[in-house]
Amino acid sequence: MKKYILTYSLVLLTSFSFAQKKGEIDAEADFYYNTQDYFSAVYFYELSLQKDSTSFSDWYPLAESYRQTNQYSKGIMAYEKVLESKQVSLYPNTLLWLGVLHKNLAQYEKGSSYLKQFLDESLHPSDYWYRKAMMEWKGAQMALTMKEREDIQVQVMGEHINSSYSDFAPFPLGDTSLYFSSMVADDGLAEELHIGHRSQLMYSIDGAAADLYKLFNDQSYHIANITLSPLGQEAYFTKCKNQKGDMVCKIYSSQYRNGLWSVPQLMDQRFNVPYSNNTHPQWALWNGVEGLFIASNRVGGFGDLDIWFVPMTGQAQNLGNGINTTGKEVTPFYHSVEKVLYFSSDFHPGIGGFDIFKSVWNEQWGLVQNVGQPLNSSANDLYYVALIDSFHLGFLSSNRLGSQTISQESCCNDIYSFVKTVECVCVEVDSLATAMQLNLPLSLYFHNDEPNPKTRDSVTTLTYTDAYNSFMAQKEEYVKRFSSVMSGRARNTTERQMRDFFEQTVYEGHKQLLQFAKQLEEALFLEAKVEIKLKGYTSPLTASDYNNLLAKRRISSVENFLMQYNDGALLAYLQNGHLQISELPLGETQVSIGVSDNPKDRRNSVYNIKAARERRIEIVSVLVELN
C-alpha cells in the first residue's frame with residue numbers, strides 16, 4: 001500500500017514552471033513556511049534548491065519543514081547543513097532537533113549525543129527548550145534499555161480500514177463497529193483547505209470495507225475524533241478549521257432519538273472555551289460522573305494542550321501537573337472498568353515523538369507510566385482506545401516505520417489493533433523500575449558540613465528532609481553572600497542564578513526523592529527485590545578523611561528518610577533484605593574555577609554556586625528483580 005499526501009500547492013503545479021524566477025520561488029516557500037503549510041513549503045524550498053544549490057541558504061526553514069512533515073532522514077540532512085553554516089548561532093535549537101530526529105529513527109545513541117551536547121550549551125534549567133531536551137534525552141536513555149513486551153501483540157489493520165491517506169482516531173462501538181477519521185484529497189468544493197486534504201468520518205461494520213459516515217461530515221470543515229456513549233445514543237466529535245496556520249477545533253454533539261440523529265450542535269463554553277483549541281473528546285464515566293475527557297489549550301492549564309475532564313453538568317477540571325506538562329498532552333481515553341487513563345504526550349519521557357502513557361485512578365491519579373513497546377515506537381503513537389467490556393482489545397494510530405511504503409518518509413498514520421494477554425505482576429514491576437531509573441542520577445544537596453557539623457560521626461539521626469529544610473532556609477543568605485562583591489546587572493544575574501539553584505535544582509531533588517520513595521514502595525509491595533546504590537560528593541573545603549565521614553553522614557540521612565517514609569512503610573523490607581542500600585566510594589570532587597578550599601574565603605568555599613553543587617548525595621543506580 002502506498003501512502004502519499006497531496007498539498008494544495010501541488011494542485012497548482014501546472015502554473016509554476018521550473019523556469020520561474022528563484023526569487024519568486026523563495027517567496028512562495030517562505031509564505032507557506034510562515035503559514036505553517038509545511039508540505040507546500042518543502043516543495044518550494046526543494047525547487048529553489050534544485051534551481052541553484054550553490055546559493056541556497058534556507059536550510060533551517062527547510063529542516064523545520066521536513067521535521068514538521070515527519071521526513072526524519074531529510075530533516076537530519078538539512079539540520080546538519082545548518083550546523084555547518086555560519087548562521088548556526090541564529091538557530092540554537094539545531095542540536096535539539098538533530099537529537100530528536102535521530103531518536104525518531106530509533107538511533108538512540110546518536111540522538112542522546114546530540115541532546116547531551118545541546119544540554120551542555122549552558123542553557124538555563126528553567127528554559128522550556130532545556131527541559132524539553134532533558135525529557136527527550138531521558139526518553140532516549142530509557143529506549144536503550146527498554147525491552148519489548150511479549151504480552152502485547154500489535155498489528156497494522158488491512159486496506160479495508162487503512163486507505164492511501166492518513167487514518168486515525170479509531171473508536172470501537174461494541175465488538176462489531178469501528179468508527180475513525182481519514183484524510184481525503186479535497187475536491188475543490190470545500191471552503192476550507194489544510195495542506196491539500198481534509199478529514200472526514202468513516203465506519204466499518206463486522207470487518208467490512210470502511211465506508212463514508214455521511215451523517216456528520218461537512219466539506220467546509222475537518223470532521224474528526226468521534227466518540228459515542230456505550231449504547232450509541234450520543235455522539236461527540238470535532239469540527240476544525242485552519243485559522244492563521246493553526247488548526248482550531250470545537251466540539252459538537254448529536255443525539256440518536258426515534259431512529260434519527262439530531263442536527264449536530266456546538267457544545268457550551270465549558271467544552272468550548274472561546275479563543276482556544278478544544279479537541280479529542282472521549283466519553284467517560286469517571287468517579288461516578290458522566291462527561292468528556294478533552295484536550296484543550298484554554299487558560300488555566302500547564303502548557304500547550306492539557307487534558308481536562310468536563311462533566312455533563314458542572315465545571316471543567318484540569319487533571320493536574322502530574323499528568324499535564326508544559327508540552328502537549330492529547331488523545332485521552334479513560335477505561336471506566338480498568339480505571340486507567342491513557343493519553344499521548346510529547347513531553348513526558350518517551351521513546352518516540354508522541355508516546356502513549358497511562359495513569360491509574362485510585363481516589364487520585366497515580367504515577368504516569370510509559371506503556372512501552374510495542375504500543376509505542378520511535379515515531380508518533382496516539383489515540384489509544386480499548387473496548388469497554390474487553391480492555392485487553394483495542395486500537396491506536398501511528399506513523400511508525402514498517403507500516404507503509406510512502407513517498408514522504410513517515411508522513412501518514414495507520415490504524416493498528418492490539419491484543420493484550422493477562423498482565424502478570426512482572427509488567428507493573430518493570431514499569432516501576434523504568435520510572436525510577438528515569439530520574440537517575442537523583443541528586444540531593446546539603447549546606448556546608450551538614451548534617452551534624454564539626455563532628456567526626458559517620459551516622460546521623462536526621463533525615464534528608466531535615467537537611468533539605470535547613471538548606472532551603474538559608475537561600476537568601478546564599479543569595480546575599482554569593483552576590484556581595486558584584487553590582488548592577490552582574491549582581492542581578494548572580495542573584496537570579498542562586499535563587500534558581502534553590503528553587504529548581506534543590507527543590508526538584510527533594511520532590512523527586514518523594515516520588516522515588518513512592519515508586520519504591522509500590523515495587524516492594526509487588527514482592528520485588530530492590531538494591532539502591534548511593535554515592536557521596538563533597539566540596540574541597542576539608543581534608544579527605546573528614547570528607548569521607550561527612551559523605552557517610554549524608555548517606556545516613558537518606559537512609560533515615562527511607563526508613564521513616566510513610567510511617568515506616570519501607571522498614572520491613574529493609575529488615576528482611578528485600579530492600580538493600582549500598583554505598584559506593586566517595587565520588588571525585590570536581591574543583592571548579594572560582595571554588596576555594598580556603599576556610600576563610602567563605603564566599604567562594606561555601607556560598608559559591610559551584611561549591612554548593614558539589615555538596616550532594618546521588619542515587620546512582622536501582623536494580624529491581626522480581627522474586
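Below, the figures for the structure above:
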| read-out | value |
| --- | --- |
| Matching entry among 462, 514, 526 (being in contact with a helix residue (DSSP H, G or I) (Cβ under 8 Å, 6 or more places away or on another chain), of a type in the set (A, V, I, L, M) and under 16 Å from residue 617 (Cβ atoms)) | 462 |
| Pairs, first on the phi < 0 side of the Ramachandran plot in the range 249-275, second open to solvent by 60 Å² or more (accessible area, probe 1.4 Å) and not in a strand (DSSP E or B), C-beta under 6 Å, six or more apart | 256/233; 261/215 |
| Qualifying residue in the range 540-560 (condition: open to solvent by less than 40 Å² (accessible area, probe 1.4 Å), over 23 Å from residue 441 (Cα atoms) and modelled with pLDDT of 80 or more) | yes |
| Residue that is farthest from residue 283 (Cα to Cα) [pool: residues in the range 383-394 that are modelled with pLDDT of 90 or more and open to solvent by 30 Å² or more (accessible area, probe 1.4 Å)] | 393 |
| Matching option when the condition is assigned to a strand (DSSP E or B) and over 23 Å from residue 305 (Cβ atoms), among 220, 254 | 254 |
| Qualifying positions in the range 263-279 - surrounded by 18 or more Cβ atoms within 10 Å (Cβ to Cβ) and outside any loop (DSSP other than H, G, I, E, B) | 278, 279 |
| Pick from the range 46-57, criterion in a helix (DSSP H, G or I) and open to solvent by less than 20 Å² (accessible area, probe 1.4 Å), ranking: nearest to residue 398 (Cα to Cα) | 47 |
| Any hit, the range 280-292, residues being touching a residue at least 60 places away in the same chain (Cβ under 8 Å), open to solvent by 30 Å² or more (accessible area, probe 1.4 Å) and assigned to a loop (DSSP other than H, G, I, E, B) | yes |
| The range 228-251 - residue that is outside any strand (DSSP E or B) and either open to solvent by less than 50 Å² (accessible area, probe 1.4 Å) or in contact with a Lys or Arg (Cβ under 9 Å, 6 or more places away or on another chain) (or both) and, of those, nearest to residue 305 (Cα to Cα) | 245 |
| Pair list, Cβ < 7 Å and 6+ apart or interchain, from the range 345-369 residues that are within 23 Å of residue 289 (Cβ to Cβ) to residues that are of a type in the set (Phe, Trp, Tyr) and not in a loop (DSSP other than H, G, I, E, B) | 357/343; 358/342; 359/365; 368/357 |
| Checklist (1) surrounded by fewer than 16 Cβ atoms within 10 Å (Cβ to Cβ); (2) modelled with pLDDT of 95 or more applied to residue 260, failing item | (2) |
| Residues that are buried (at least 24 other Cβ atoms within 10 Å of the Cβ) and either over 16 Å from residue 59 (Cβ atoms) or out of contact with any helix residue (DSSP H, G or I) (no Cβ under 8 Å at 6 or more places or on another chain) (or both), drawn from the range 18-36 | 32 |
| Within the range 38-84, tally of residues that are over 21 Å from residue 110 (Cα atoms) and of a type in the set (S, T, N, Q) | 9 |
| Residue list for the range 473-490, restricted to those being open to solvent by less than 50 Å² (accessible area, probe 1.4 Å), in contact (Cβ under 8 Å) with a residue 24 or more places away in the chain and of a type outside the set (S, T, N, Q) | 475, 478, 482 |
| Residue among 364, 315 that alone is more than 16 Å from the chain's Cα centre (by Cα), modelled with pLDDT of 95 or more and of a type in the set (S, T, N, Q) | 315 |
| Scan of the range 491-503 for residues that are open to solvent by less than 50 Å² (accessible area, probe 1.4 Å) and of a type outside the set (Phe, Trp, Tyr), ordered by number | 493, 494, 495, 498, 500 |
| Residue 458 assigned to a loop (DSSP other than H, G, I, E, B), under 18 Å from residue 557 (Cβ atoms), in contact (Cβ under 8 Å) with a residue 40 or more places away in the chain and open to solvent by 40 Å² or more (accessible area, probe 1.4 Å) | yes |
| Looking only at the range 302-317, and only at residues there that are open to solvent by 30 Å² or more (accessible area, probe 1.4 Å) and in contact with a strand residue (DSSP E or B) (Cβ under 6 Å, 6 or more places away or on another chain), the one that is nearest to residue 236 (Cα to Cα) | 312 |
| Count - residues of the range 133-142 that are open to solvent by less than 40 Å² (accessible area, probe 1.4 Å) and not charged (D, E, K, R) | 4 |
| Qualifying position, being free of Cβ contacts under 8 Å to residues at least 60 places away in the same chain, closer than 24 Å to residue 103 by Cβ, surrounded by fewer than 24 Cβ atoms within 10 Å (Cβ to Cβ) and of a type outside the set (Gly, Ala, Ser), among 340, 330 | 330 |
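Residue-by-condition table, conditions (1) in a loop (DSSP other than H, G, I, E, B); (2) open to solvent by less than 20 Å² (accessible area, probe 1.4 Å); (3) modelled with pLDDT of 85 or more:
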{"position": "144", "(1), (2), (3)": "no, no, yes"}
{"position": "164", "(1), (2), (3)": "yes, no, no"}
{"position": "169", "(1), (2), (3)": "no, yes, yes"}
{"position": "178", "(1), (2), (3)": "no, yes, yes"}
{"position": "181", "(1), (2), (3)": "no, yes, yes"}
{"position": "191", "(1), (2), (3)": "yes, no, no"}
{"position": "207", "(1), (2), (3)": "yes, no, yes"}
{"position": "226", "(1), (2), (3)": "no, yes, yes"}
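The values are calculated or read from the model by the stated rules, or taken from the named source; none is laboratory data. Bear in mind the structure is a predicted one, so any value in this text is a computation, not a measurement. Here Cβ is always computed from backbone atoms with ideal geometry, including for glycine, and neighbour counts include all displayed protein chains. The protein model used for the area step is the full one, side chains on, heavy atoms only, and it has no ligands, DNA or RNA in it. Shrake-Rupley method; radii C 1.70, N 1.55, O 1.52, S 1.80 Å.
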